[in-house]
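Please treat every number below as a calculation from the coordinates, not as lab data. Everything numeric in this text was worked out from a predicted model, so none of it was measured. Positions of Cβ are generated from backbone atoms using ideal geometry, with glycine treated the same way; all protein chains shown enter the neighbour counts.
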Amino acid sequence: MVNGFRDTAGLYREWDVEQDRGEGRFCGREHILPLRIYYEDTDFSGVVYHANYVRYLERGRSEFIRAIGASHTQMLQAATPVTFMVSRLDLRFVRPARIDDRLEVRTLMETARGARVSCRQAVTRGGELILEAVVENVCVSLDGKPKRLPRVLIERVAAYLPEAGVMPANDVGVVLPAMAAAE
């Protein structure tokens, strides 16, 4: 199945969802990860169980990090190994997703400084907002103590932060959440 989208330059692009290897793609600063809903994702009524969205958001953030060349494995194998813990997770459920839906997890990095990385995420279906989230992760040593973000992550994520001057994608008319009212 070939889907079309407009990139941040306004150019129409085709994307073969069936051939996607599950890594997603970048459109401007935004990473977009395709996702299919299976029976295992749903409750008895065929609606996605609410806790599963946390897993989908994690996949979106992990694929973003992998795509910029700063994988979790690389950071764990560094001379000073680090990992990440979620320190904030604000979710707003807008409408349900159902079995067999094709969704997109959209990830937009907002800040990366000190020991923290924050992003806005959305789950969409054909341009329709399903869920919006604000997520903050803190970088920690293997014993759980906060650590500064690794240089490789800071260098690689810099081009995807708002101050880089690259506009986020908006190829399907989705506005990622501000979630200002939640604070």
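Stokes-Einstein D for the range 38-85 at 10 °C, 1.306 mPa s, Kirkwood Rh over Cα pairs, in µm²/s?
125 µm²/s
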Just to confirm my numbers, what's the Cα centroid distance between the range 103-157 and the range 22-49 in Å? 17 Å
At 7 Å along the Cα-to-beta-carbon direction for both residue 77 and residue 38, put a label point, then send me their distance in nm to one decimal. 2.7 nm
Cα-based radius of gyration of the range 23-164 once divided by 2.2 N^0.38 Å, which approximates compact folds: 1.08
Where Lys and Arg each count +1 and Asp and Glu each count -1, what net charge lies around residue 153 among other residues with Cβ under 15 Å from its Cβ? +4
